[in-house]
Structures are given as structure tokens and as C-alpha cells.
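Any read-out appearing in this document is the output of simple, stated calculations on the displayed coordinates, not a laboratory observation. Computed from a predicted structure; not experimentally measured. For neighbour counting, all protein chains shown are included, and Cβ atoms are generated from backbone atoms with ideal geometry for every residue, glycine included.
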Amino acid sequence: MFHSARIKLTLWYLLIIMAISVLFSLTIYRFQVTESERILLRQRVGIERGGFLRPGFGPPELEPEILKEAQRRLMLNLILINLGVLIISGGAAYFLAGRTLKPIEKALENQKRFVADASHELRTPLTTMKTELEVNLRSKGLVEEAKKILESNLEEVDKLGYLSDKLLRLSCYEQKEGLSFTSISLKEALEEAVEKHTSLAKSKKIEIVKDLEEVGIQGDFAALVEAFGTMLDNAVKYSPKESKVNVDLQSKDGKAVVMIQDSGVGIKASELPHIFDRFYRADTSRTKEKVTGFGLGLSIARAAVEKHHGKIEVVSTPGKGSTFTVILPTA
């Protein structure tokens, strides 16, 4: 992420520097041409007024061909100077862009470390609380009202545990050495993701239609299963009963293209830029299904895909459905 940001910032620096350099060069060139033409004109007027009509008398006249040659040389020199400015400023801009982004990168790394550490620290007390609640719930002398309260508390503890696990997963995918890459089959990863959501699809009478080619890549099998599973989970949850969810895998121009298409409620155009943000949840008022979660699933999916040097694209029409396209390099 920071490498691409550094390249973009370098290009902006270069654009500004070269715009100033080219403008300055054009100004110099134009000034020199105008001055040369003015000197030539004054000399001709002086010769005519002084009466120097015969060759060899009076000051020598500047030849137009000599002026044109001087202008060409000036143009060439200015071009060479601008090329030198481009090369030198390119290196300087890249260095300065790195220095500019360094504090931001450090702050982001500290934030990721904090999330990971906080999630780790949360797991121990949550596990203890859950164990104690489960033990008390099994007590025979527990009154009904107290049992309901403990069950409610246990449910909230489970939610916090789920949130802690998701934050740890997100932190793992965003770290530099968060995944283990091996040769894997994308077809198998998608089939496993589909298998995990078959029961949910059957409960809504939704048919998952697969069209999968055999495509191999270098990647983390579990991470991709989780990423595809998140998109499948959303497709099934937001689709109406007795509908279809299409899962396609093709290889195109050295890229693996995965498409997960549903005919659900869709996503508003105003919400599309934010659906991958952490804790963001789109408006679910248009669906009758109660959808739970913390809004971290798509953030984790994008982090996992980007870790594989891929990208996710989304096309959605409210009331007609959404199509998630994952593009991954096969080499």
C-alpha cells in the first residue's frame, strides 16, 4: 500500500518540478529568440540608415541561418537540461516521498500492533468469563431469572470473542509476514468455501451454481477460503429465498478471475466506496433478513486478497443484486 502511495507522491512531485522547469525553459527560449530577432532588425535598420550598401563596408550583418542554428542549439541544450532535471528530481522526489510517508507508515504499524496486542489481551479474560458463565448455567439451584441473565451475558461474551478473533485475523493479513504462501488450487479453495455455506443456502432454498476451472496460484489456502467465504456469506444472506448465487472461476491473460454474483438487495452507489471500511455496515432496511456481524468481513477479505497482490471489484444495482470480482495473479 505504501509503495504505491510513494510512487504516486513521487509522480506528483515530478509533475510539479517538470512543469516549472519546462515553463522556465520555454520562457528563456522565447526571450532569446525575441532578443535575437530584435538585434537583427536593429542592425538592418542601422545599415540602411548609415548607407552601407556595398559589401565590406560597415558592421557585419548577422545571417538568419546563423540565428536559426543558434536557436536550434539553444533548444537542444534546454531539452538536455530538462532531461537532467527529470533524472535528478526523480531520485530526489522518490527519496522525499519516502521521508514524507515514513511517519504515517510508522503510525499505521503502531495502530496495527495495538489492535493485535489488544485482541490478544482480550481473549484471556473473555475465555475465563465464558467458562465461569457456562459452569454457573449448569448449576441446578439457579433460578430462571438469573439463568436468563447469564445466558444473555454468555451471548455477549461470544460476540466479543468473535470480534477479537476477527481483529486478530485482520491484523494478521495486514502485517508484512502474516501469511504462508504455497502452491494451491483456487478451485479447491472455492469448493471448500461453498461447502461451508451449503447449509445456510439450503435453509433459504438458495442454489449455489458453480462454474470452476482448474487454476493454480501461489497463496495461502486458508486465507483465500475465508475471503471467498465472506463474499459467499454476504451473497446468501442478502439474497431472497429460492434464488441463485453464481460462483465462477476463469483464467484470463495470466490472471485468475473469480466472480460471485447474487440477485439480492444490492448496494447503493453512495455506499459502494465504504463497504470495505472497518466496522462499516451497509443499510439493511431493504431486506427482511436479520444480518448480524461487526462489519469486518469485507475488510478482512480485501486485506487477504491484497496480500496476494490481487484486487476486488464490486458492481451492484439496488434491487437487482451484486457481483464481486476477485482478480489474482497466477504467476
Would you please give the FRET efficiency between S199 and A222, computed as 1/(1 + (r/R0)^6) with r the Cβ-Cβ distance and R0 = 22 Å, to the nearest 0.05? 0.65
I need the calculated FRET efficiency for the pair R73 and H3, taking r as the beta carbon distance and R₀ as 41 Å, to the nearest 0.05. 0.50
Report the label-to-label distance for K140 and K241 in nanometres (one decimal), using points 7 Å from each Cα along the Cα→Cβ vector. 4.2
Could you put K237, K159 in order, starting from the residue whose Cβ has the fewest other Cβ atoms within 10 Å? K159, K237
antiparallel share of DSSP beta bridges within the range 154-261, to nearest 5, in %, is 65
Mind checking which lysines have their Cα closer than 18 Å to the Cα of K102? Skip sequence neighbours fewer than 8 apart in that chain. K8, K112, K176
Of the listed pairs K210/K268; K187/K241; K148/K320; K166/K244, those with alpha carbons more than 32 Å apart are K148/K320
